[in-house]
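Undergrad: One structure is given below, represented as structure tokens, and several questions about it will come after.
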Amino acid sequence: MTVEFSELGLGDKVTEAVAAAGYTTPTDIQAQAIPHVLEKRDLIGIAQTGTGKTASFVLPMLSLLEKGRARARMPRTLILEPTRELAAQVHENFEKYGKNHRLTVALLIGGVSFEEQNKKLDRGADVLIATPGRMLDHFERGRLLLTGVDILVIDEADRMLDMGFIPDIERICSLLPQRRQTLFFSATMPPEIQKLTQRFLRDPVKVEVARQNSTADTIKQVLLKVGKTPAEKRAALRDQIRDAKDLQNAIIFCNRKRDVATVARSLERHGFDAGALHGDMDQKSRTETLDSFRAGSLAILVASDVAARGLDIPAVSHVFNFDIPTHAEDYVHRIGRTGRAGRSGTAITLVGPGETKYVDAITKLIQRDIAWDDASAKRSTPDVPKGEEAPSSRKRGRRTRGKDDKLVAEKPAAEPVAETQKQTKPVDQAPRQRREQPRRASNDDGPASFKSEGHIPAFLLRPAGKQA
């Protein structure tokens, strides 16, 4: 039986904002979670990415916050996110669906000055959205009190675990009032997170709308065998992008930040419209890149796992795993960037020699096999552009700048050898021996060489080893 937002018990202001945004029917996770949140029950929400988890807590929180007012430095609710992008996205949801409310929403993330954030906190925040590290920085500076928090939301809880935030989460929970409502949302629920929920949630309701660790049926998943070297992998990636059917835009995931920049530059050199997104970029650049991709002015986004969780980009047609994720759970989140909201999508994973163990872990986690597309694996020599050598032609030598200000490898010039040296004895090694011997004074070879003009001090002429 299909329900509508107006039947979930949300306030009139919220339902009006949802209708103005063009939504009438909630997703499964929203339909099941929202009534429990409105009843102020603790909740564990498990749903695959792209099913609308964010609105599952944003909409009922807006209704609950209609009563009451915020006090300076004492937020009424707290939402913790693992990355700046996710925190900013939740902030956008509150602005979108809370346009009929007069609520103050504060966003505490890194890469932004403390001064502006302090101004929001001093006015009083009804909703505080933060990454754990920046929030604790404000607390330790005495700019924030947590004794007034009525609702705590921990979003992407398993990502918090992966990023090492669990000690911070435990500390934050210890600073909050005992009597509060706590909501956990995640796509996966590993044992460590289950232990955390047992410690900090009281008789929680568990809402699971899809099998844990499952992937959407709307995503076509393909495995592709590639060569071992990075240049071969980049060549295979370019072939896949060129041959892809109905490719409108794509996210390419790499395991390491430095590889994100390398792959993005390589694609740009080959004429692709590509940009990079990783954690070492400043916040302004990250925001501009993400906004360009959302707006469609950037076709290909090369990213680290910072873009794997919860980013609301509904119309991504393709996902490429340039590096197969070493943690199987990350595969679920990565490919979940496509095939969202009922759309179809394609996820292609490049698998190098010796990486089948990661494939086995992924198939075991998602409990389904992934087809191999061996026919499309082109084992030809990588078409390396000017300024980027193929592995087989690389030579040892110094690196210098080419005409296009690109790094190129330069082969060291061969030294000319005299004909007499080819036909007679080996070259005299005396000069090398002299270079390797340290210059020091001894009883046998007299005083050390001292290049100076004028008088030489007597103590420098004294034989070594003798005392004055």
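Undergrad: Looking at this model, which pairs from K195/K284; K40/K195; K13/K284; K220/K284; K220/K257; K40/K119 are more than 25 angstrom apart at the alpha-carbon?
TA: On the way: K195/K284 37 Å; K40/K195 22 Å; K13/K284 33 Å; K220/K284 34 Å; K220/K257 27 Å; K40/K119 30 Å.
Violating the 25 Å limit, Cα to Cα: K195/K284; K13/K284; K220/K284; K220/K257; K40/K119.
Undergrad: Apply the Karplus parameterisation 6.51 cos²θ - 1.76 cosθ + 1.60, with θ equal to phi minus 60°, to every residue of region 290-306 and state each ³J(HN,Hα) to the nearest whole Hz, in sequence, with x for glycine and proline.
TA: Couplings: 5, 5, 5, 5, 4, 6, x, 7, 10, 7, 10, 10, 9, 9, 8, 5, 4 Hz.
Undergrad: While we're looking at this one, here's another question. Between region 1-39 and region 70-84, what's the alpha-carbon centroid distance in Å?
TA: Using only Cα atoms, the two centres lie 23 Å from each other.
Undergrad: For the residues D280, D323, D369, D162, what sequence is obtained by ranking on other C-beta atoms within 10 Å, fewest first?
TA: Numbers: D280 13, D323 23, D369 10, D162 18.
Fewest-to-most Cβ neighbours within 10 Å comes out as D369, D280, D162, D323.
Undergrad: Now a separate question. Counting other Cβ atoms within 10 Å, which trypsin sites (Lys or Arg not before Pro) in region 45-102 have at most 10 and lie in a DSSP loop?
TA: Numbers: sites: K53, K67, R69, R71, R73, R76, R84, K96, K99, R102; in loops: K67, R69, R73, R76, K99, R102.
For trypsin sites (Lys or Arg not before Pro) across region 45-102 that sit outside H, G, I, E and B with at most 10 neighbouring Cβ atoms in 10 Å, the list reads K67, R102.
Undergrad: Ordered by residue, what ³J(HN,Hα) values in Hz, to whole numbers, does region 70-85 give under the Karplus form 6.51 cos²θ - 1.76 cosθ + 1.60, where θ = phi - 60° and Gly and Pro are x?
TA: 7, 10, 4, 6, 10, x, 7, 9, 9, 10, 9, 10, x, 10, 5, 4
Undergrad: Between the DSSP loop rule and a limit of at most 16 other Cβ atoms within 10 Å, which chymotrypsin sites (Phe, Trp or Tyr not before Pro) in region 240-294 are left?
TA: Nothing satisfies the criteria.
Undergrad: Here is a follow-up. Take S113, S266, S297, S56 and order them by how many other Cβ atoms sit within 10 Å, fewest up front.
TA: The fewest-first ordering by Cβ neighbours comes to S113, S297, S266, S56.
Undergrad: Let me ask you something else. Could you tell me the ratio Rg/Rh of region 219-393? Both radii from Cα atoms, Rh via Kirkwood. It would help to have the intermediate numbers written out before the result.
TA: Numbers: Rg = 15.3 Å, Rh = 16.3 Å.
Radius of gyration relative to Kirkwood radius: 0.94.
Undergrad: So what is the relative contact order for region 5-208, in percent, with contacts set as C-alpha pairs under 8 Å and at least six apart?
TA: For region 5-208, the relative contact order is 28 percent.
Undergrad: Show the residues, 5+ positions off or on another chain, whose built amide H is closer than 5 Å to the amide H of K220.
TA: Here the answer is G345, T346, A347, since their amide H atoms fall under 5 Å of that of K220.
Undergrad: Roughly what % of Cα-Cα distances in region 103-172 sit above 21 Å, to the whole percent?
TA: 23 percent
Undergrad: Continuing with the same structure: So what is the orientation-averaged projected area of region 196-280, using the convex hull of its C-alpha atoms, in nm²?
TA: Averaged projected area of region 196-280's Cα convex hull equals 9.4 nm².
None of the figures in this text is laboratory data; all of them are computed from the coordinates on show. These numbers come from a predicted model, not from an experiment. Don't worry about glycine lacking a Cβ; one is built from the backbone with ideal geometry, like all the others, and counts go over all protein chains shown.
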